[in-house]
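K.L.:
The structure under discussion is supplied below as C-alpha cells; questions concerning it will follow.
The values are calculated or read from the model by the stated rules, or taken from the named source; none is laboratory data. Because the structure is a prediction, the values reported are computed rather than measured. All Cβ positions, even for glycine, are placed from backbone atoms using ideal geometry, and neighbour counts span all protein chains on display.
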Amino acid sequence: MKNSIHTIGRRKTAVARMYMKIGSGLIKVNNIFYKKYFTNNLFFLKVSKPLLLTSNKKKFDIYIKVSGGGINSQAEAISLAISRALCKFDINNKPILKEKNLLTRDPRMVERKKYGQKKSRKKFQFSKR
C-alpha cells in the first residue's frame with residue numbers, strides 16, 4: 001500500500017501486522033469488518049480505544065492481519081499496533097497514549113515445559129515406596 005504506515009503489535013503469541021492510511025474510518029481484521037471479527041463489545045472497544053483517545057476515529061482506513069493467541073490477545077496486539085502507528089503519524093499523540101499504557105508491550109508468555117517434569121514448574125509425584 002502506498003502512502004501508508006506499517007506497524008506491528010504483539011501480546012503473548014498474538015502478532016498483528018497493521019497498515020494505516022488516511023481514509024473514512026474503515027477497520028478490517030483479516031479481511032472482515034472488525035465488529036464482526038470481535039463479537040464482544042469489550043474487544044472492539046479495546047481495538048478502537050487509541051483512535052477514540054486521539055480523536056482520530058473517522059480519519060484512517062486500517063487493515064490488519066492478525067494471527068496466534070486468543071481473541072483477547074489479538075485485540076490487545078491490534079491496540080498496540082494502532083497506538084504505534086498514531087505516534088508515527090503525529091508525535092503529539094504519544095503522551096496521550098503513554099498515559100493510558102497503550103504503548104506498553106505485554107511481554108508475558110507461557111513458560112516452556114522442562115524435561116523430567118510434568119509441566120513448566122510442576123514435578124512428577126514423588127513416591128518413597
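K.L.:
Pick from the range 18-63 the residues that are assigned to a loop (DSSP other than H, G, I, E, B) and of a type in the set (Val, Ile, Thr): which of them is modelled with the highest pLDDT?
P.N.:
We begin by selecting, within the range 18-63, every residue assigned to a loop (DSSP other than H, G, I, E, B); these are 23-26, 30-31, 38-40, 54-59.
Then keep just the ones that are of a type in the set (Val, Ile, Thr); that gives 39, 54.
Numbers: THR39: 88, THR54: 91.
Only one residue tops the list, namely THR54.
K.L.:
Looking at (1) over 21 Å from THR13 (Cβ atoms); (2) free of Cβ contacts under 8 Å to residues at least 60 places away in the same chain; (3) not polar (S, T, N, Q), which one does PHE89 not meet, given that it meets all the others?
P.N.:
(2)
K.L.:
Within the range 22-44, track down each residue that is surrounded by fewer than 16 Cβ atoms within 10 Å (Cβ to Cβ) and within 18 Å of ASN93 (Cβ to Cβ).
P.N.:
Of everything in the range 22-44, those that are surrounded by fewer than 16 Cβ atoms within 10 Å (Cβ to Cβ) and within 18 Å of ASN93 (Cβ to Cβ) turn out to be ILE22, GLY23, GLY25.
K.L.:
Look through the range 69-114, keep the residues that are hydroxyl-bearing (Ser, Thr, Tyr) and touching a helix residue (DSSP H, G or I) at 6+ places or on another chain (Cβ under 7 Å), and return whichever of them is surrounded by the fewest Cβ atoms within 10 Å (Cβ to Cβ).
P.N.:
SER79
K.L.:
Could I ask something else about it? Mind counting the residues in the range 45-57 that are over 29 Å from VAL110 (Cβ atoms), in contact with a Leu (Cβ under 9 Å, 6 or more places away or on another chain) and either in contact (Cβ under 8 Å) with a residue 60 or more places away in the chain or surrounded by fewer than 14 Cβ atoms within 10 Å (Cβ to Cβ) (or both)? Before you say what the answer is, go through the steps one by one.
P.N.:
Taking the range 45-57 and keeping what is over 29 Å from VAL110 (Cβ atoms), we get 51-57.
Applying the additional criterion that residues be in contact with a Leu (Cβ under 9 Å, 6 or more places away or on another chain) yields 51-54, 56-57.
Right, trim to either in contact (Cβ under 8 Å) with a residue 60 or more places away in the chain or surrounded by fewer than 14 Cβ atoms within 10 Å (Cβ to Cβ) (or both) and you get 52, 57.
Counting residues in the range 45-57 that are over 29 Å from VAL110 (Cβ atoms), in contact with a Leu (Cβ under 9 Å, 6 or more places away or on another chain) and either in contact (Cβ under 8 Å) with a residue 60 or more places away in the chain or surrounded by fewer than 14 Cβ atoms within 10 Å (Cβ to Cβ) (or both) gives 2.
K.L.:
Determine which single condition VAL66 fails, assuming it passes every other condition in (1) in contact with a His (Cβ under 8 Å, 6 or more places away or on another chain); (2) under 27 Å from ARG112 (Cβ atoms).
P.N.:
Every condition holds for VAL66 apart from (1).
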